[in-house]
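Quick notes on the structure that follows.
What follows draws every value from the coordinates through simple rules; no lab data is involved. Because the structure is predicted, anything quoted here is derived from the model rather than measured. Ideal geometry is used to build each Cβ from the backbone, glycine not excepted, and the neighbour counts take in all protein chains shown.
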């Protein structure tokens, strides 16, 4: 069978393109996921919806567009995340640019943002390890009168975060810092939030291949011997940076909730609440500082 992406690509119909796309990936991905990929690329490259794909199967596809699908296929065969291929994703109803320097935002992190927004009075927020800026920008969009700051160790990630803030028309004060070597900051905050690295090396075997191969290791993994390193450092810093009655929010490793509770108690935090995500996993935690612990 000749390649669908040979010199006759100009004659491909949308139906043929879809059939070839599906058969090329059938041994690598479930059919529902392949369908989702095709819909995503069709919206990106052809600006058409899933319904329009079904209604216009005989639409002729240009060679230029067919080549875009071919390049996407090759990257999918290499198990690259679709979000990196198209360079964007959606989080909390907002568009975000992503690349190899940023984690792909997860739905469970949206739940963390929603939990923060349930707080009554929020004037200042610090997001530690912002990556694409998804937490800080989503909060800024819903809290236009609040002052939002966000830091990351990666200059490349901060470039993307700046672009995302501009794209979503919000103001966030982004700055570069290595949280493991930050002793204090000039401001104080009502809320400090972080989704730090929390996947232990021993859990790598549970990770999907596209995550292991493409997403930034420094934003994902921690040493098995000290898996709560970032939580300990951030909680100690939060004791200096939280306003009276301020709150500390974390996304957490589902297997380490009990140990993290013990750590936070040792550091002088109280009113500790663990919240499950939509999958029933212990995924986020919030607490406040006992003023005598400062």
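A few remarks follow.
- The C-alpha atoms of the chain define a longest principal axis, and helix 107-117 lies at about 40 degrees to it.
- Over the C-alpha atoms of region 158-294, the Rg to Rh ratio, Rh being the Kirkwood estimate, stands at 0.98.
- Model label points for residue 47 and residue 117, set 7 angstrom from Cα along the Cα-to-Cβ axis, are 2.9 nm apart.
- Protection proxy ranking for 132-140, 58-66, using the average of other Cβ atoms within 10 Å per residue and placing the highest first: 132-140, 58-66.
- Inter-label distance for residue 187 and residue 265, nm, one decimal - labels placed 7 Å from Cα along Cα-to-Cβ: 3.4
- Residue-averaged [θ]222 nm for the chain, counting only DSSP H segments that reach four residues, each worth -39500 (n - 2.57): -11500 deg cm²/dmol
- Mean-position separation - Cα centroids, region 113-164 and region 47-100, in angstrom: 28
- Applying 1/(1 + (r/R0)^6) with R0 = 35 Å to the Cβ-Cβ distance of residue 162 and residue 288 gives a FRET efficiency near 0.65.
- Ratio of Rg to Rh over region 114-230 (Cα coordinates, Kirkwood Rh, two decimals): 0.99
- Acute angle (nearest 10 degrees) that the helix 229-241 long axis makes with the longest principal axis of the chain, alpha-carbon atoms: 50
- Cβ-derived FRET efficiency at R0 35 Å, residue 176 paired with residue 79, nearest 0.05: 0.70
- Helix 257-266 axis, angle to the chain major axis (alpha carbon atoms, nearest 10°): 30
- On a per residue basis, the convex hull of the C-alpha atoms belonging to the chain measures out at 141 Å³.
- Calculated from the alpha-carbon coordinates, region 62-142 shows an Rg and a Dmax of 16.3, 55 Å respectively.
- Residues of region 155-193 with amide N under 12 Å of the 7 Å Cα→Cβ point at residue 239: none
- Per residue convex hull volume, Cα atoms of region 9-78, in Å³: 72
- Once C-alpha pairs closer than 8 Å and six or more residues apart are averaged by separation and normalised to the residue number of the chain, the relative contact order reads 13 percent.
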